[in-house]
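A.B. asks: Have a look at the structure that comes next, please.
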Amino acid sequence: MTLLRQTAAVRVLSAATALACAALSIPAQAADINVSGRIDTYVEAYTTSSGTQGRLSSGGATPSFLLFSGEEDMGNGLKASFNLEMGFLPENGMSTPDGSPTAGNYMFQRQANLGLRGYFGEVRFGYQYTPTFIALASTDPVGYSLGSAMGTFSAPGYAGVNGGAMDDFNARSENAISYTSPKLFGSTIVSLFVGLGETTKKNGEVSTTRGNYYGASVRFMQDALTVVGAASAAKAEHKVMPSGDVSPSTDYQLDFSVGYDFGVVKPVFTMAYKKGADDIRKGSDVLATQVGFSMPMGQGKWAASVGYLKNLTDSDGDAVAAGTRYDYSLSKRTFLYTGVAAVWNGDLANYGLTGGGGSSNFPTNKPGHSASTVFVGVNHKF
C-alpha cells in the first residue's frame, strides 16, 4: 500500500471513528442520530474475449457504504436532517476504487447534505443524488446493479472520438440545492434541483454557468401504478478532437419509467435519452430502453432485465445487455444472491459489467467484444 493510500485510509478511519463516538455521546433528546450501512460482496467468473477470470468484487446487489444520518424535531412540523455517506470496498478495504470518478479527496464520496422538512416539502443543501439518477435507480427491477441493463449502460462504453456515456455526469452533484414537494393531489411528488459549478475561466473571470447542473423530476404513484419522469441539463466543457481545443457544451438527459405491481409480478419499462454537444462529443447521443420485471419467489425475489442502447450518432456504438438475479432472504438484514449478466457490443462499443456503486474490478472490454459474468454474493444491512 502506498503512503497516499495509507494517509487516506487513516483520515477516513479517524473521521468515521470520531463521528461514531460523537453519535454515541449525544443525548437522545437532542437529536435522532443513526449509524447504518450495507456490506455487499460477490464471487464471479467474468468472461471476455481474453478469457475467463475469477474475481472477488463488491456492489453486486447494492453498494457497500457507511451512513451517518440524523434528524431533529424542532416543533411546529419542522425537522432538520443530515446524511453523511461514504462508500467502501470490502474486498480490499479501500474507501474508493482506483480510477473511480469519486476517488480523490472526497471523504463522503456518496453524499453529504443537510435538509429542512416541513409542510412545504423538503429543501436540501450539499452533495446529493440528482433527480435523473433517482428516477432510473429507484424504478429499476434489478436495482440498477449487476444484472441491470440500464446499469450496464450507465458507465462509459464508447470507444469512438471523446466517447460518451448514459449517466456520466448526473448520479450526484456538488454544491447542490434541491427541493422536493409534499404529495400533491395525494399521488404526485415534484423535485427541483440545481448544482452550482462554481468554476473560474482561464482568464481568471468567474463563470456564471460552466459546470452547473439543472434537474427536475415528477413521480406519480396511484395504487399499484408508478410513473416517473426526469430531465436534466449540465453545462460543461469538452475537448474537440482531433484539434484538442476546449469548447463549451450542454449535455441533456430525459428519463421515463413506468411500472405496475400486479402482486405476483411487477413489470417495468424504462427509457433514457441523452444528447451531447454535436461535433464535440461524438457518440454521446444515445437512446437506451429497458424492459424488466421483479416477482416474489419462495423465500426471496427474482428479477430480470434486457435493454438496448442505440447510439444516435454512430451505429457502431450500439449495445445490447441482459441479466437476471435471484435474492434469497436469510433474515431481515441478510440475503444471498446469484445471477448471470451479459453485454453484446457493436464495433465501437466497449461496455463492461460491474456492480452498483463501483468495484475495485472495473470492467475492461475490447471494442466490439461481448462480456458475461456468473456470480454468487451476500449482502448484509447493519
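The values are calculated or read from the model by the stated rules, or taken from the named source; none is laboratory data. Since the model is a prediction, treat every value here as computed from it, not as a measurement. Note that each Cβ is placed from the backbone with ideal geometry, even for glycine, and that neighbours are counted across all protein chains shown.
A.B. asks: Within the range 61-102, restricting attention to residues that are charged (D, E, K, R) and at pLDDT below 90, which residue is surrounded by the fewest Cβ atoms within 10 Å (Cβ to Cβ)?
C.D. replies: Filtering first and then ranking leaves 98.
A.B. asks: From the list 347, 318, pick out the single residue that is at pLDDT 90 or above and touching a Lys or Arg at 6+ places or on another chain (Cβ under 8 Å).
C.D. replies: 318
A.B. asks: Looking only at the range 304-331, which residues are in contact (Cβ under 8 Å) with a residue 24 or more places away in the chain and either crowded, with 24+ Cβ neighbours inside 10 Å or out of contact with any strand residue (DSSP E or B) (no Cβ under 8 Å at 6 or more places or on another chain) (or both)?
C.D. replies: If the condition is that a residue be in contact (Cβ under 8 Å) with a residue 24 or more places away in the chain and either crowded, with 24+ Cβ neighbours inside 10 Å or out of contact with any strand residue (DSSP E or B) (no Cβ under 8 Å at 6 or more places or on another chain) (or both), then 305, 307, 309, 311, 313, 315, 317, 319, 321, 323, 325 are the ones that fit.
A.B. asks: Moving on. So for the range 330-340 (the condition being modelled with pLDDT of 95 or more, within 17 Å of residue 148 (Cα to Cα), β-branched (Val, Ile, Thr) and not in a loop (DSSP other than H, G, I, E, B)), does at least one residue qualify?
C.D. replies: Within the range 330-340 (the criterion being modelled with pLDDT of 95 or more, within 17 Å of residue 148 (Cα to Cα), β-branched (Val, Ile, Thr) and not in a loop (DSSP other than H, G, I, E, B)), the answer is yes, since at least one residue qualifies.
A.B. asks: Continuing with this model, one more query. Suppose we filter the range 198-233 for residues that are out of contact with any Phe, Trp or Tyr (no Cβ under 6 Å at 6 or more places or on another chain) and farther than 18 Å from residue 276 by Cα; how many remain?
C.D. replies: Total satisfying the criteria: 21.
A.B. asks: Let me ask something else about it. When you scan the range 35-75, how many residues do you find that are at positive phi and free of Cβ contacts under 8 Å to residues at least 24 places away in the same chain?
C.D. replies: Total satisfying the criteria: 2.
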